[in-house]
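Undergrad: Pasting in a structure now, in structure tokens, and then I'll have a few things to ask.
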Amino acid sequence: MSKVLAPAVEEELSRPEAISLREAFWFWLKLGFISFGGPAGQISIMHQELVERRRWLSERRFLHALNFCMLLPGPEAQQLATYIGWLMHRTWGGVIAGGLFILPSLFILIALSWMYIALGDVPLVAGLFYGIKPAVTAIVVQAAHRIGSRALKSGWLWAIATASFAAIFAFDVPFPLIVLSAALLGYLGGRLAPEKFRIGGHGAARKSYGPALIDDDTPSPEHARFSGVKLVLVVLVGAALWALPMGILTALFGWEGTLTQMGWFFTKAALLTFGGAYAVLPYVYQGAVGHYGWLTPTQMIDGLALGETTPGPLIMVVAFVGFVGAYVSKVFGADQLFLAGALAATLVTWFTFLPSFLFILVGGPLVEATQNELRFTAPLTGITAAVVGVILNLAVFFGYHVLWPKGFSGTLDWPSALIAIAAAIALFRFKRGVIQVLLACAVVGLAVHLLR
């Protein structure tokens, strides 16, 4: 329900009934299969489903959780799903929400990676990709608009978003530096002009979508309150879940073994790269292609295309990297190529996403404790404003590579431009769903590709 509600309608809305873990399971499973469009598109889908349509949590609680996830290394959309699942249904709720967000993508990418490496180039797939890429560009633009229209509530926040876009677009400023600068500006702004750094509010949330199951004034549940004992327990369990598979790999293949090095490399990628998938990809490219030689530059680009057009986080491209690297290296011999690839894809997914779950389970209680304290929320509000500029830059980046595949020295790809415009009209004017737009553009792209 995206339009402002009339007062009479507002009064008729009641708070949604409690959601069981079983009901949540089926929702998160569905989300795992429809979460296209990269992090921006996935966050947009979650907002539509959880805030606007189902009203599982309020606008302000959603943005507060999103701000925290934007601070973390790793895929922010998957972490946001984990946070909401944890907030609603404790640790198992978080594990289920975060796990189902990536499992469908893992299975799909294993199958597509095998088709790619074993069967070669398929014109059908190339045609579908041709139509999907401009659609993804339009989806990212829409996501920037949706988040910006809700987050940029003052001139200060607009200035941060604009500066963020200029910094990353014109000066290639690293994303972590943008995040830290936005947090500092938010902190200072929260002290100098506090009203300019408050997102939403209880009244605003009710006016827009009605009362939520977890509303602005809903107390944090018992499991979401900070406990030193729980903190230590989560850290110990997380360390064991990392050390056990790493120890087995080292014992079986040695420290220099392909699978062992993949586990170690993607652990570092998960911990050392901030800004979501788009910030991680250059690091993965440099290591997987340049340092280890697990795959070629062309294969890496093709893997990115697969990651862009499958549900789940874009960083799931790591599954493609693992599959191709182990397949080509013949880790288990020439007779077990698929097994090697599938196991590698699963392992690198485990090592990449394990820290994401731990960050949420460790940091969630601290974030819940600060939801009403401006000194903590104002820096996060500044970060959200900066992320709007970063997402817009990403749309420009996608648009450039999709519409001018050979650079500005080449010609504009008119069919791609028309597909992108049509996708934008469908999203903005006719409010069509992301999946409908992707499917329609894929069909059009296939037709154009086959007629060329």
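Undergrad: Taking 45 Å as R0, compute the FRET efficiency from the Cβ-Cβ separation of VAL362 and ARG452 and round it to 0.05.
TA: After rounding, the FRET efficiency stands at 0.30.
Undergrad: Taking Cα atoms of region 49-117, Rg/Rh with Kirkwood Rh, to two decimals?
TA: Here Rg/Rh amounts to 1.09.
Undergrad: For LEU57, list long-range residues whose amide hydrogen, built 1.01 Å from N in the peptide plane, is under 5 Å from its own amide hydrogen.
TA: Hits under the 5 Å cutoff: LEU213, ILE214.
Undergrad: Still on this structure, I have one more. Kindly rank 167-174, 442-449, 388-395, 73-80 from highest to lowest mean number of other beta carbons found within 10 Å of each residue.
TA: In descending order of packing, they fall as 73-80, 388-395, 442-449, 167-174.
Undergrad: Where in the chain are the DSSP H helices whose alpha-carbon span along the long axis reaches 24 Å or more and whose Kyte-Doolittle mean is at least 0.0?
TA: Flagged H segments are 76-119, 123-151, 175-192, 228-253, 337-369, 374-403, 434-451.
Undergrad: Moving on. Need one number: the % of Cα-Cα pairs in the chain sitting beyond the 41 Å mark.
TA: 16
Undergrad: How much accessible area per residue does the chain have, in Å², with a 1.4 Å probe?
TA: For the chain, the per-residue accessible area is 45 Å².
Undergrad: Where the centre of each part is set by its Cα atoms, how far does region 316-360 sit from region 412-448, in angstrom?
TA: Between the Cα centre of region 316-360 and that of region 412-448, the gap is 33 Å.
Undergrad: Rounded to whole Å, give me the distance from the Cα center of region 235-251 to that of region 99-166.
TA: 32
Undergrad: Once every DSSP H run of n ≥ 4 in the chain is given -39500 (n - 2.57) and the sum is divided by its residues, what mean residue ellipticity at 222 nm do you get, rounded to the nearest 500 deg cm²/dmol?
TA: -24500 deg cm²/dmol
Undergrad: To continue, here is another question. Any idea what log10 I(q)/I(0) is at q = 0.21 Å⁻¹ for region 23-70, Debye with uniform C-alpha scatterers and no solvent?
TA: -0.76
Undergrad: Okay, moving on. How big is region 311-452 on each of its three principal axes, counting only the C-alpha atoms and giving the largest first in Å?
TA: Extents along the principal axes: 58, 53, 32 Å.
Undergrad: Here's something else I'd like to know. Leaving ligands, DNA and RNA out of it, report the carbon-plus-sulfur percent of the accessible area of the chain at a 1.4 Å probe.
TA: On the chain, the fraction of accessible area on carbon and sulfur atoms equals 69 percent.
The values are calculated or read from the model by the stated rules, or taken from the named source; none is laboratory data. Just so it is clear, the model here is predicted, and its values are computed rather than measured. Note: ideal-geometry Cβ built from the backbone for every residue, glycine included; neighbour counts use all protein chains shown. These area figures cover heavy atoms from the full protein model, side chains too; ligands, DNA and RNA do not enter into them. Shrake-Rupley method; radii C 1.70, N 1.55, O 1.52, S 1.80 Å.
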